[in-house]
Each structure stands twice: as structure tokens, then as C-alpha cells.
Ligand SMILES: NC(=O)c1ccc[n+]([C@@H]2O[C@H](COP(=O)([O-])OP(=O)(O)OC[C@H]3O[C@@H](n4cnc5c(N)ncnc54)[C@H](O)[C@@H]3O)[C@@H](O)[C@H]2O)c1
């Protein structure tokens with residue numbers, strides 16, 4: 001039974017996961033290599049708990065109790081005694097392997113999980129002599145409010161370990177776990193890749209940028225079109241995930257990074273955070289398409305409605321491929337895409353709708 005949770009890395013995700021676990025009554029120990037990161041974590045978590053009180057999600061007493069249930073450890077050895085350790089340090093294989101090698105020696109009883117977004121869980125587990133107790137727990141940002149947790153098993157993960165962590169996510173944290181195989185991008189980052197890449201292909205086919213986003217919102221009923229979403233995520237962050245998945249999958253044409261995004265990143269037009277991406281921004285408001293982005297596009301005959309059809313079809317095709325490869329079940333793929341993207345339907349539900357309307 002998982003009661004004590006250790007967390008490695010007190011950045012954006014580590015603080016969010018610590019706040020989440022503490023709010024659900026778990027005893028938490030949070031470690032970071034850098035004392036200044038640990039000091040900042042205290043403040044961040046306090047702000048997060050205060051905000052939960054203001055939003056009515058926690059009472060003041062619950063927030064106070066959660067704050068008191070988190071200990072801050074400047075040494076990794078401070079996590080000894082935890083039942084589950086969730087690693088949320090920087091996205092670097094060697095760093096994570098080093099941490100897991102240390103955890104293997106210092107915490108022989110604990111289940112070891114990594115929050116990696118794009119690295120192989122098996123490659124991280126290989127740094128231990130006990131890969132049967134290692135799995136992936138991919139939380140989404142911010143962990144407190146995002147319901148989805150991709151729960152990733154490697155061929156060596158012990159089924160009992162997987163079940164214990166599944167129950168912890170479902171009943172302990174009250175989140176929605178989905179059962180995923182250890183493949184590049186897991187479900188969400190892989191199945192959603194064509195959303196971003198196909199959008200750039202259709203834009204270059206003449207559909208443009210804003211018209212494609214409008215078609216996505218009006219026809220697909222999604223909250224954000226692909227270009228709006230890339231601007232929000234950051235074109236640089238999104239491109240780096242594409243590059244990792246492209247390489248890890250053996251450089252297939254469908255995952256090839258697009259020149260449009262590469263050129264914009266080179267120019268520093270990386271989205272909302274830089275004031276320019278596919279759109280220009282005045283404060284938090286989009287103020288029209290970025291002329292520089294439009295200048296990189298070719299003219300073509302493709303209309304926005306056909307462009308949306310092409311984008312969503314490529315997402316469906318990727319979901320079908322992932323299902324055939326045994327990455328996850330159809331309903332887990334649908335759940336993951338709906339919860340992570342706030343989409344009204346998952347790819348298989350879209351496919352069913354398309355098939356019904358064909359007759
Ligand atoms: N930010 C996101 O949206 C997001 C979403 C899902 C998953 N992730 C994954 O979560 C992990 C953390 O991401 P983040 O955004 O919180 O990063 P971050 O840069 O905000 O925080 C990383 C923290 O790890 C600490 N750290 C670095 N090396 C360490 C070591 N050897 N031991 C202990 N602590 C160490 C750093 O001091 C920093 O505080 C990454 O693997 C990332 O891919 C991030």
C-alpha cells in the first residue's frame with residue numbers, strides 16, 4: 001500500500017505532483033539537488049495551496065495539513081522509507097539514469113517511477129538492478145488540475161507493481177490512469193504529432209494559418225486549433241518533442257519536423273512567450289497572423305474544411321497505428337486525447353462518427 005511518496009526534482013512538475021499528493025493525504029518528501037530550487041518550491045506550493053482554497057477546492061485546514069505533510073530533503077537519501085518515488089528532474093537520460101542508479105541503492109523497497117515525457121522508461125530502468133519495480137507515471141501540466149496520468153509499463157515492469165501504482169493514481173490521487181506501453185511519446189505526444197505536423201503541411205498547401213485554426217474550432221469543436229496550440233505550448237518545446245519522436249521512431253516521413261516551424265524557431269518566433277509565433281501577440285491577445293510565418297508558406301488550392309479533414313484523418317490514422325502496435329487500447333487512447341487536449345472526442349470516436357455519416 002502506497003502511503004509515503006518521495007519526489008525527485010522540485011521544478012514545475014515536482015512541485016505540482018507534491019501539492020497533488022499532499023492534498024490527497026499522502027506524506028511527501030520532496031528532494032532537489034539545488035537548495036535554491038527547494039526554497040522556491042516551498043513558496044510555489046504555498047501559493048498553489050492558497051489558490052486551491054480561494055477556488056474552494058480545499059478548506060484552509062486541508063491546505064494547512066497538506067503544507068505540513070511535505071518535507072523538503074536536500075539529500076536524495078532523505079527519500080529513504082518512501083513507498084513510491086516519482087522522479088521529475090530535468091529531461092535528460094544521463095541525469096535520470098544517475099538518479100535511478102542512486103535510488104536503486106538507497107531505496108531498495110520503493111517503487112520507482114519517472115515522469116519523463118519523451119525518454120524510454122526501459123532505458124532509465126536499465127540503470128537499476130531491479131527494473132521490475134520501475135515504471136513511467138506521466139503527469140500533465142498542471143498536475144493538480146489535469147486528470148490524465150499515462151501509466152507506462154516496460155516489458156520488465158512487475159504486474160503487481162503496475163497495479164499498486166494504478167490504484168494509487170485512481171483511488172489515491174483521484175486521477176484517470178491509462179495503461180500505456182513504453183514507446184516514444186506514449187499516447188498523447190505520439191497520437192497528437194500529426195495534429196501539429198499535418199497542420200503545417202496543409203497550411204503550406206494553401207489553407208493558411210488562421211483559417212485552419214478556425215476550421216478546427218468550428219468543425220472539430222476543439223478548444224484550440226493546431227497553430228494556436230503550438231503558440232501556447234511554445235514552438236521550440238513542441239519542435240523538440242517532434243525531433244525526439246522522429247529520431248526514436250527511425251525518422252519516418254510522417255514525423256519529420258516541418259521547415260515552417262524550424263525557420264520560426266530559428267528566428268526566435270516561438271509563440272506567446274516571445275510575443276510572436278504563428279500569430280503576433282499584444283499582451284495575452286492574438287493580434288493577427290505573423291506576416292513572417294505567412295511569408296514562408298506556398299500558395300495552393302487547399303480549402304480550410306478539407307484541411308481540417310486531412311488533419312483529423314492523420315490523427316485517426318496515427319491512433320489506429322498505435323492501437324495495432326499494442327501501445328494502448330482504443331478506449332484508453334480516446335480517453336487520453338480527450339483529457340489531455342480537452343477535445344470533445346477521441347480519435348476512435350471521430351472515426352465512428354465519420355463512418356456513420358458516410359451512409
Ligand atoms: N513541464 C511540463 O509541462 C511537463 C509535463 C509532463 C512531464 N514533464 C517532465 O517532467 C520532468 C520535469 O519537468 P519540469 O518541467 O518540472 O522541469 P523543471 O526544469 O521545472 O524542473 C526540474 C527540476 O529538477 C531539478 N534537478 C535537476 N537535476 C537534478 C538531480 N540530479 N537531482 C535532483 N533534482 C534535479 C532542477 O533543479 C529542477 O528544480 C521532465 O522529465 C519533463 O519532461 C514536464
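No lab work stands behind these numbers, since they all come straight from the coordinates. As the structure is a prediction and not an experimental result, all values here were calculated from the model. Methodologically, a virtual Cβ is constructed for each residue, glycine included, from the backbone with ideal geometry; neighbour enumeration extends over all protein chains shown.
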### Query
Arranged from highest to lowest average of other beta-carbon atoms within 10 Å per residue, in what order do the peptides 159-170, 296-307 appear?
159-170, 296-307
### Nearest 10 degrees, 0 to 90: helix 235-248 Cα axis against the chain principal axis
80 degrees
### Task
Go through 317-326, 115-124 and give me the packing order, highest mean Cβ count within 10 Å leading.
115-124, 317-326
### Query
What 222 nm value per residue comes from the helices of the chain, counting each DSSP H run with n ≥ 4 as -39,500 (n - 2.57) and dividing by all residues, nearest 500 deg cm²/dmol?
-14500 deg cm²/dmol
### residue 259-residue 130 pseudo-label distance in nm [points 7 Å out on the Cα-to-Cβ vector]
5.3 nm
#### Entry: Label zone at residue 75 (point 7 Å along Cα-to-Cβ), backbone N below 14 Å, the stretch 98-113
106-107
### Query
Could you give the distance between the Cα centres of the stretch 77-131 and the stretch 299-328, to the whole Å?
35 Å
### Query
So for the pair residue 354, residue 40, with labels modelled 7 Å out along Cα→Cβ, what separation do we get in nm?
4.3 nm
### Message
Using a Gaussian network model on the chain with a 10 Å cutoff between Cα atoms, which of 154, 12, 59 fluctuates the most?
### Response
59
### Projected label distance in nm at residue 33 and residue 57, using a 7 Å step from Cα toward the beta-carbon
3.0 nm
### Ordering of 176-188, 274-286, 32-44 by burial proxy (mean other Cβ atoms within 10 Å per residue, highest first)
176-188, 274-286, 32-44
### Query
How much length, in nm to one decimal, is gained on full extension between residue 306 and residue 174, taken as 0.36 nm per residue of separation minus their Cα-Cα distance?
43.5 nm
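DSSP beta bridges in the chain, what fraction antiparallel, as a percent rounded to 5?
DSSP beta bridges in the chain are roughly 25 percent antiparallel.
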#### Entry: Cα-only Debye scattering, the stretch 84-242: base-10 log of I(q)/I(0) at q = 0.10, 0.11 Å⁻¹
-0.44, -0.52
### Task
Compute the separation of the alpha-carbon centres of the stretch 167-220 and the stretch 236-276 and state it in Å as a whole number.
15 Å
### Normalised contact order of the chain, rounded percent, pairs of Cα under 8 Å and 6 or more residues apart
14 percent
### Task
Compute the long axis of helix 12-23 from its Cα atoms, compare it with the longest principal axis of the Cα atoms of the chain, and write down the angle in degrees, 0 to 90, nearest 10.
60 degrees
### Relative contact order (%) - criterion: Cα under 8 Å, at least six apart; region: the stretch 4-181
20 percent
